[in-house]
Amino acid sequence: MIKENIQIFNTSDELSENFTKFLQNLLSVYPHINISLSGGSTPKQLFNYWSQNNKQNLKLDWGRISFYWGDERCVPSDNEMSNYGMTEKYLFKNIHQIQTQNIHRIQGENDPTIEAQRYAKLLNSNLAVYKNTPCFELILLGMGDDGHTASIFPDQMNLWNSENDCVVAKHPETGMQRISLSGKVINNAQHVAFLVTGKDKAEKVSEIIKNRSASETLYPAAKVNPSNGFLYWFLDKESAKLL
Ligand code: 6PG
C-alpha cells in the first residue's frame, strides 16, 4: 500500500512556497538533508522562488543541505543541457549560503559507464545506507509527459530494476546518454516528492494516481513507491485537472 500525499496549487509560486514549508519541516527533523534534485524546467520555478525570497529569510538552513542529482545529461556542466548547469545558474549563483562542499554533481563530461560507477560509490560513502542501498532523506522528481522520471524512460524499464544504484540511459528521441539513479535508490528514499506542472502532464498524472497497478507496467513514474518512506505530489491545477 503506497503512502502518498497529493497537494494541488493554483500557481507555481504557491507550489514553491508549500514545498519550501515541507523542506523546512524536514530540516526540523533531520540534522542534515541529502537532497537529490531533478532536472528539466520545472525545478527552475522553485529555484527562482528561492532566489527571489532568500533575502526575506526563507528560513532554510542551507548549510544543512547537501545537493545531489537524480539524473544528469552526459554533457559538460557548461552545456545548456546540463542539469547541474541549470541549477548553478538559477540557484547556486543566487544563494551564497549554499556551500560548494555540499554540492555533488554528476560529472556529465566523463565516460558514462565510469561516471555511473563513480557516482554510485560517492552515494554509498556519503549517504546513510539501508538495505545495502544509499538512502536519501529527500528525492525531488519531475515527470515527463511520457511518464518517465529521472532519466528512466518507458522504453528502458529494465534500467528501473537494475541491481546498480546508478545506470546509463539514453533519451529515446535524441539518443543523448544520461546517468540516472535506478529504481532501487529512488524507492529507498525516506521522502520522494514529485513536482509536476503544466497541462501536458495531466493525462499521465491522472493515469498513474488513479490506476497505479496498470500504469506501473508502462511508466517509470508509476513505479515510484518508497518502500519505507513517503511519496508526495506537488501539482499545479493544470497538471492535476484530470484527477
Ligand atoms: C531531466 C529530468 C527529467 C524531468 C522531466 C520533466 O533531466 O530532464 O530529470 O526527469 O524531471 O523530463 O521535465 P520538465 O520539468 O522540463 O517538464
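Read-outs throughout are calculated quantities, based only on the coordinates presented, and are distinct from any laboratory measurement. The model shown is predicted, which means the values in this text are computed figures rather than measured ones. Methodologically, a virtual Cβ is constructed for each residue, glycine included, from the backbone with ideal geometry; neighbour enumeration extends over all protein chains shown.
Scanning residues 5 or more positions from Ile139 or on other chains, those with amide H under 5 Å from its amide H are Ser36, His191, Val192, Ala193, with H placed 1.01 Å from N in the peptide plane. Between Phe9 and Leu235, Asp236, Lys237, the built amide H atoms are under 5 Å apart, and every one of these is 5 or more places off in sequence or on another chain.
For region 203-243, taking the reciprocal of the average inverse distance between every pair of different Cα atoms yields a Kirkwood hydrodynamic radius of 10.8 Å. Taking the inverse of the mean reciprocal distance over all distinct Cα pairs, the Kirkwood hydrodynamic radius of region 137-243 comes to 13.8 Å.
Take the alpha carbon gyration tensor of region 19-67, find the square roots of its eigenvalues, order them as a ≥ b ≥ c, and report rounded if a/c is under 1.5; if not, report prolate when a/b exceeds b/c, else oblate.
Judged from the Cα gyration tensor, region 19-67 comes out oblate (a/c at least 1.5, b/c at or above a/b).
Averaging Cα coordinates gives a centre for region 41-115 and one for region 1-30; these two points are 19 Å apart. Let me know the shape class of region 80-129, please: from the alpha-carbon gyration tensor, a ≥ b ≥ c as square roots of the eigenvalues, rounded when a/c is under 1.5, otherwise prolate if a/b is greater than b/c, or oblate. Note, shape of region 80-129 comes out oblate. Residue by residue, region 28-39 carries 3J(HN,Hα) couplings of 7, 9, 9, x, 8, 10, 9, 10, 9, 8, 9, x Hz when phi is fed to the Karplus relation 6.51 cos²θ - 1.76 cosθ + 1.60 (θ = phi - 60°); x denotes Gly or Pro. Compared with the direct C-alpha span, the chain from Asn10 to Phe92 gains 26.8 nm at full extension, assuming 0.36 nm per residue. Dividing the summed helix terms, -39500 (n - 2.57) for each DSSP H run of n ≥ 4, by the number of residues in the chain produces a 222 nm estimate of -8000 deg cm²/dmol to the nearest 500.
Taking amide H atoms as placed 1.01 Å from N in the peptide plane, the amide H of Ala169 lies under 5 Å from those of Arg178, Ile179, Ser180, each 5 or more residues away in sequence or on another chain. Multiplying the residue separation of Met176 and Ile2 by 0.36 nm and removing their Cα-Cα distance gives an extension gain of 59.4 nm. Evaluating kT/(6 pi eta Rh) at 20 °C and 1.002 mPa s, with the Kirkwood radius of region 1-130 over Cα pairs in the Stokes-Einstein relation, gives 134 µm² s⁻¹.
Among 188-201, 87-100, how do they line up by average Cβ neighbours within 10 Å per residue, starting with the highest?
The densest-packed peptide leads the list: 188-201, 87-100.
With no solvent and one equal point scatterer per Cα, compute the Debye intensity ratio I(q)/I(0) for the chain at 0.12 Å⁻¹ and report its log10, rounded to two decimals. Calculated log10 I(q)/I(0) at the listed q: -0.63. Listed by chain and number, the lysines whose alpha-carbon sits under 20 Å from that of Lys170, ignoring those within fewer than 8 places in the same chain, are Lys184, Lys223.
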